[in-house]
Amino acid sequence: QVQLVESGGGLVQAGGSLRLSCAASGSIFSINAMGWYRQAPGKQRELVAAITSGGSTNYGDSVKGRFTISRDNAKNTVILQMNSLKPEDTAVYYCKSHTIVVGVVGGSDYWGQGTQVTVSS
């Protein structure tokens, strides 16, 4: 019903930048919050950043001041600009949306397939 496709991951040196993009498609009536989560090996998945349809944002403590989340509601796209990257930012990054599907009452969470971000020291 809803597909999320991420792009932009890769390998970067510490101090560098990467830009992740996630586009939602399918039978979308509306999208409430969109966000990015990450999971490093042996660790739980954690919130990186989230943004509502109105533009309110929320960031994980470890990325505040370095990462910026933005959104294009018309294109159902969310962007994560990551600056001053650190080796501890290495993880698989997942896009999530809380989406209301056409013809369905209530919203559900949908996840992308994940994109690897590796920061070398």
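The values are calculated or read from the model by the stated rules, or taken from the named source; none is laboratory data. It should be emphasised that the depicted structure is a prediction, and the values quoted were computed from it without experimental measurement. Every residue, glycine among them, receives a Cβ derived from its backbone with ideal geometry; neighbour counts consider all protein chains shown. Heavy atoms of the whole protein, side chains included, go into the accessibility calculation; ligands, DNA and RNA do not. Shrake-Rupley method; radii C 1.70, N 1.55, O 1.52, S 1.80 Å.
I'd like to know if the range 22-29 contains one or more residues that are of a type in the set (Phe, Trp, Tyr) and buried (at least 19 other Cβ atoms within 10 Å of the Cβ).
Within the range 22-29, none of the residues are of a type in the set (Phe, Trp, Tyr) and buried (at least 19 other Cβ atoms within 10 Å of the Cβ).
Just the residues that are outside any strand (DSSP E or B) and within 12 Å of the chain's Cα centre (by Cα), please, taken from the range 1-22.
The initial filter retains those residues of the range 1-22 that are outside any strand (DSSP E or B), namely 1, 8-9, 14-17.
Residues satisfying the conditions are Gly8, Gly9.
From Ser84, Ser97, Ser70, which residue is out of contact with any His (no Cβ under 7 Å at 6 or more places or on another chain), over 18 Å from Ser21 (Cβ atoms) and modelled with pLDDT of 95 or more?
Result: Ser84 is the single residue among Ser84, Ser97, Ser70 that is out of contact with any His (no Cβ under 7 Å at 6 or more places or on another chain), over 18 Å from Ser21 (Cβ atoms) and modelled with pLDDT of 95 or more.
Would you mind telling me which numbered condition in (1) buried (at least 17 other Cβ atoms within 10 Å of the Cβ); (2) free of Cβ contacts under 8 Å to residues at least 40 places away in the same chain Val12 fails?
(2)
Among the candidates Ser84, Ser25, single out the residue that is assigned to a strand (DSSP E or B) and of a type in the set (Ser, Thr, Tyr). Step through it out loud before you land on a result.
Details: Ser84 fails: assigned to a strand (DSSP E or B).
Exactly one of Ser84, Ser25 is assigned to a strand (DSSP E or B) and of a type in the set (Ser, Thr, Tyr), namely Ser25.
Tell me which of these Pro41 doesn't satisfy, since it passes every other one: (1) modelled with pLDDT of 95 or more; (2) over 11 Å from the mean Cα position of the chain (by Cα); (3) open to solvent by 20 Å² or more (accessible area, probe 1.4 Å).
The number of the failed condition is (1).
Output the number of residues of the range 100-121 satisfying the condition of being assigned to a strand (DSSP E or B), over 27 Å from Leu11 (Cβ atoms) and either open to solvent by 50 Å² or more (accessible area, probe 1.4 Å) or out of contact with any strand residue (DSSP E or B) (no Cβ under 9 Å at 6 or more places or on another chain) (or both).
Counting residues in the range 100-121 that are assigned to a strand (DSSP E or B), over 27 Å from Leu11 (Cβ atoms) and either open to solvent by 50 Å² or more (accessible area, probe 1.4 Å) or out of contact with any strand residue (DSSP E or B) (no Cβ under 9 Å at 6 or more places or on another chain) (or both) gives 2.
So, in the range 53-99, of the ones that are free of Cβ contacts under 8 Å to residues at least 40 places away in the same chain and aliphatic (A, V, I, L, M), which residue ends up most open to solvent (accessible area, probe 1.4 Å)?
Top of the filtered list is Ala74.
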